[in-house]
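The values are calculated or read from the model by the stated rules, or taken from the named source; none is laboratory data. Remember, it's a predicted structure, so these values are computed and weren't measured experimentally. Positions of Cβ are backbone-derived with ideal geometry, glycine not excepted, and every protein chain shown enters the neighbour counts.
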Amino acid sequence: MSTETNQFESHEEFMRRFLECQRELLRYVMYFVPNAHDARDVVQNTAIALWKKHEQYDPSVPFLPWACRFALNETRQFMRTDQRWNHFLDEETVHILAGRRQEILGELDERRIHLRECLRKLPEVHRAVVEGYYFNDVPIERLAESSQRSVEAIYKSLQRIRSTLMECVQRRQDATLGTES
């Protein structure tokens, strides 16, 4: 019974740690694999790989960097086996990107905070389009149908909203840098 209890606690602890960092793992994978569906598949494969090795995890070290190493390996495996991606990034480029991401991690976190604030400022109609497309994986055709607009109008709207968000994030980042000087 003691072994069974330990296995349950181990499983519970693993799940808690994994779920705490799952969104960050997805962001990490999407740095290399920009297609959200593919990135989610890579994160699922990462979860399986992590679970297979969970007994090797040292709880005295942060979980996320350990998990990111697995995610990077799963990303590389995905790129080798998926025909759409196997010529997109070579091993050296993936290695360079992983190092660069580590260098700018603080800036990425700051930009993510600014983006969240900018999203809140969008008109409800625009925010609904962004959330539907980027967060809920609603196909463009369904967004167009539900808003009674053409597919082209939704694409154009997303293009404008992305520009607006990019400008907003840049202004906020510039303002933050101006106050730190």
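Return the residues of region 45-84 that are acidic (Asp, Glu) and either surrounded by fewer than 19 Cβ atoms within 10 Å (Cβ to Cβ) or not assigned by TED's automatic domain parsing to the domain that holds Leu97 (or both); say none if nothing qualifies.
Glu55, Asp58, Asp82
When you check Tyr155 against the structure, is it aromatic (Phe, Trp, Tyr), closer than 24 Å to Ile113 by Cβ and touching a helix residue (DSSP H, G or I) at 6+ places or on another chain (Cβ under 8 Å), yes or no? Steps first, answer last, please.
Values: aromatic (Phe, Trp, Tyr): yes; closer than 24 Å to Ile113 by Cβ: no; touching a helix residue (DSSP H, G or I) at 6+ places or on another chain (Cβ under 8 Å): yes.
Taking the combined requirement at face value, the residue does not satisfy it.
Among the numbered criteria (1) without any contact (Cβ under 8 Å) to a residue 40 or more places away in the chain; (2) farther than 21 Å from His37 by Cβ; (3) among the hydrophobic types (A, V, I, L, M, F, W, C), which single criterion is violated by Val169?
Going through the list (1) without any contact (Cβ under 8 Å) to a residue 40 or more places away in the chain; (2) farther than 21 Å from His37 by Cβ; (3) among the hydrophobic types (A, V, I, L, M, F, W, C), Val169 breaks only (1).
Looking at this structure, is Phe135 out of contact with any helix residue (DSSP H, G or I) (no Cβ under 6 Å at 6 or more places or on another chain), farther than 29 Å from Arg17 by Cα and modelled with pLDDT under 85? Talk me through it step by step, then tell me what you get.
Details: out of contact with any helix residue (DSSP H, G or I) (no Cβ under 6 Å at 6 or more places or on another chain): yes; farther than 29 Å from Arg17 by Cα: no; modelled with pLDDT under 85: yes.
Taking the combined requirement at face value, the residue does not satisfy it.
Can you tell me how many residues within region 46-65 are in a helix (DSSP H, G or I) and of a type in the set (Phe, Trp, Tyr)? Spell out the reasoning first.
From region 46-65, those in a helix (DSSP H, G or I) are 46-52, 54-56, 63-65; that's our starting set.
If we keep only those that are of a type in the set (Phe, Trp, Tyr) too, we end up with 51, 63.
Matching residues across region 46-65 total 2.
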